[in-house]
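A.B. asks: One structure coming up, written as structure tokens, with questions to follow.
The values are calculated or read from the model by the stated rules, or taken from the named source; none is laboratory data. In this text the structure is predicted, and so the values were computed from the model without any measurement. Cβ placement follows ideal geometry from the backbone for every residue including glycine, while neighbour counts extend to all protein chains displayed.
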Amino acid sequence: MNFDFTDDQQAIKRTARDFLADRLKPDRRRELAEAGDYDDGLWREMAELGWTGIHLSEDHGGQGLGAVELAILTEELGYALAPSPYLASVAASLVLAHAGSGEQRSRWLPRLASGEAIGTVGLVTDGAAPLVPDADRAEVIVLLDGLSGMVVEAGAAEIDPQPTIDSTRRFARVRAGTGEPLAGDPLPALDQVEVALAAELVGIAQRAMEMAVDYAKEREQFGRPIGAYQAVSHRCAQMLLETESARSATLYAAWTADHEPESLPLAASMAKAYAADAGWRVTSSSLQVHGGIGFTWEHDLHFFLKRARTDGHLFGSPRSHRERVAELAGLAARPRGRLAPAGRSPHYSRRKLGISSSPSL
């Protein structure tokens, strides 16, 4: 069996890598990050390439591709550390495509697919969504509370910008005003959002690992490259192991979304939990390989480390997803003498597992 990408998928990956490398050179990425801003021209070009609707059906103005293609693309966006509302807008379109009413889909999906409109998704806790990506730029905000959700126009919501350690992405606290309820269950779509986020974390880990390896080849100590020493080479090997393992888990989860949706809830939480841990460990290890220079503001590594840390908690912390894996696999903690139900219970909700809680960032 061939587990490699198809020719079309390879083309998507190459095009994305080359395009982002050309548009987001280190100086430009740093300029945007330090300004806390996005490049509107970059967004328009991404939309013209069809990226904003790659996962949506042609009926809604998309390209009709699947979760694997979306994961390939979001990995490259993570690799480039693209300052962009892409992930937030994709999340909104995924939820609306899956759980929106006919009127909500016809109103918003063509505009989200073309990049004309930007959307986002927030998880509600105690009446507000504490950490919503790119809410200040969104026209439509989907707020999820357990098994239900509401579609809110930005003008009808209270949006308060929230600073985080990640200067490459914007966040806000959102409290809904009036809105329209979703027609269906948003959780399957949120699983796909988590897979896309896991793929971004894989891209971040890949780039941080490559930065460490390149530095280990160039930096000399006692007349030898530091990569020749076991303490450094073993750390780099561990980074490779964790990055490739996260990529395998993520691509499997993306495949289940397209071909075996009944396996997606378990696969998505496994991918998000592992990729979140790997993203943090790999960027932290890369910093250790770089030594003193890695701790400076002038080096770009800290941007990757901070995005990895924030991504790891967005839409659920690694711990909350591991708890979900345990529950779905029938391994959740339970009183002695009682059996935990396997799979998703009818009363399953993310609030129960603490996934709607906000990180301390």
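A.B. asks: For residue 88, work out the one condition from (1) hydrophobic (A, V, I, L, M, F, W, C); (2) closer than 24 Å to residue 314 by Cα; (3) touching a helix residue (DSSP H, G or I) at 6+ places or on another chain (Cβ under 7 Å) it doesn't fulfil.
C.D. replies: Result: residue 88 fails condition (3) only.
A.B. asks: Report, ordered by the first and then the second residue, all pairs with beta carbons closer than 8 Å, sequence separation of six or more or different chains, a first member in the range 130-157 that is over 11 Å from residue 88 (Cα atoms), and a second member that is polar (S, T, N, Q) and part of a strand (DSSP E or B).
C.D. replies: Filtered contacts from the range 130-157: no entries.
A.B. asks: With (1) farther than 24 Å from residue 274 by Cβ; (2) surrounded by fewer than 14 Cβ atoms within 10 Å (Cβ to Cβ) as the list, and residue 237 as the residue in question, which single condition is left unmet?
C.D. replies: All conditions pass for residue 237, except number (1).
A.B. asks: Having 3 or more residues that are under 27 Å from residue 161 (Cα atoms) and out of contact with any helix residue (DSSP H, G or I) (no Cβ under 6 Å at 6 or more places or on another chain) is the bar; report the helices (runs of 4 or more DSSP H) wholly within the range 1-77 that clear it.
C.D. replies: On the way: elements: 7-23, 26-35, 40-48.
Once the helices (runs of 4 or more DSSP H) in the range 1-77 are filtered for at least 3 residues that are under 27 Å from residue 161 (Cα atoms) and out of contact with any helix residue (DSSP H, G or I) (no Cβ under 6 Å at 6 or more places or on another chain), what remains is 26-35, 40-48.
A.B. asks: Looking at 78, 36, 53, 41 in this structure, which one is farther than 30 Å from residue 211 by Cβ and not aromatic (Phe, Trp, Tyr)? Let's see the steps before the verdict.
C.D. replies: Working: 78 fails: farther than 30 Å from residue 211 by Cβ; 36 fails: farther than 30 Å from residue 211 by Cβ; 41 fails: farther than 30 Å from residue 211 by Cβ.
When all the criteria are applied, what remains is 53.
A.B. asks: Would you call residue 108 in contact with a strand residue (DSSP E or B) (Cβ under 6 Å, 6 or more places away or on another chain) and at pLDDT 95 or above? So that I can check it myself, show each step before the final result.
C.D. replies: Details: in contact with a strand residue (DSSP E or B) (Cβ under 6 Å, 6 or more places away or on another chain): yes; at pLDDT 95 or above: yes.
When the stated conditions are applied, residue 108 passes them.
A.B. asks: Restricting attention to helices (runs of 4 or more DSSP H) lying wholly within the range 258-338, give those where 1 or more residues are of a type in the set (Phe, Trp, Tyr) and under 19 Å from residue 236 (Cβ atoms). Show your work before the answer.
C.D. replies: Working: elements: 264-290, 301-313, 318-328.
Here the list reads 264-290, 301-313.
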